[in-house]
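Before any comments, here is the structure.
The values are calculated or read from the model by the stated rules, or taken from the named source; none is laboratory data. Just so we're clear, the structure is a prediction, and the values are computed from it rather than from any experiment. Quick reminder, even Gly has a Cβ in these numbers, built from the backbone with ideal geometry, and neighbours come from all protein chains shown.
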Amino acid sequence: MLTAIKEIINPAVVLDIATADKTLTLKEDGVDSKIRKLHIQNVPEKAFAFTLDHQPHGRDNRLFKQLSCYVDISNKEGINKGCDLVLLIPRESRFIVLAFDLKSKKPNKRDTEKQLLNSEIYVRYLMAIAQCHYGVDIDCVEYKRAIVTTGERKGMNKRATYRPNEKRSDKASFHIESVRVNRKQEANVYLNALLK
């Protein structure tokens, strides 16, 4: 599966995992970002990471403003929103796909849910391509969604896994992990904390 996904994903959006210390560092350039760098620790060496929020400088910037050129960029429903990180994690006979985002102190539950679900749907599309063209078994994939925030999570209860047949409730359909930020605006989190 990882071989197929690596062939499908544009190398410009791939994120490096430091194999020596099993750390993946996400950088956030937004002006209002409380976290400039988030270090995700204990990421397996064979994991694969990429972003759906690539923001290159110069001419290529317009190419990454949306997840698909076939979707109207002016759509107001948030269908062009992608997450900061997609992480494919091999686990014995299955794979976990984590759609993950860094959020401000008080994230909007509805917008966050939509952004993570939209990212997951896009990754499911990529998995369908891998199945069709590379013969990959996608039945062994488990999807999870999570965010890291620096603040309170008022009105947002924890739940990690997307359940398409479950009735909607007021609970968030993603895991929320709060972190402490140091003076350099950096924070640390263990991968297992995001997979709850």
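Quick look at the values:
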| read-out | value |
| --- | --- |
| Some residue of the range 1-22 being under 18 Å from Ser104 (Cα atoms) and either in contact with a His (Cβ under 7 Å, 6 or more places away or on another chain) or in a strand (DSSP E or B) (or both) | no |
| Extreme residue, nearest to the chain's Cα centre (by Cα), among residues of the range 160-179 that are part of a loop (DSSP other than H, G, I, E, B) and at pLDDT 90 or above | Phe174 |
| Single residue of the range 75-122 satisfying the filter (in contact (Cβ under 8 Å) with a residue 60 or more places away in the chain and part of a helix (DSSP H, G or I)) that is farthest from the chain's Cα centre (by Cα) | Lys109 |
| Filter result for the condition that a residue is farther than 23 Å from Phe50 by Cα, at pLDDT 85 or above, loosely packed, with under 15 Cβ neighbours inside 10 Å and not small (Gly, Ala, Ser), over Lys184, Lys109, Lys154 | Lys184 |
| Search result, residues across the range 187-196 that are of a type outside the set (Gly, Ala, Ser) and at pLDDT 90 or above | Asn188, Val189, Tyr190, Leu191, Asn192, Leu194, Leu195 |
| Matching residues in the range 1-60 - criterion: being among the polar types (S, T, N, Q), at pLDDT 90 or above and in contact with an Asp or Glu (Cβ under 9 Å, 6 or more places away or on another chain) | Thr25, Gln41, Thr51 |
| Unique match (being surrounded by 21 or more Cβ atoms within 10 Å (Cβ to Cβ) and more than 26 Å from Ala187 (Cβ to Cβ)) among Phe100, Phe95 | Phe95 |
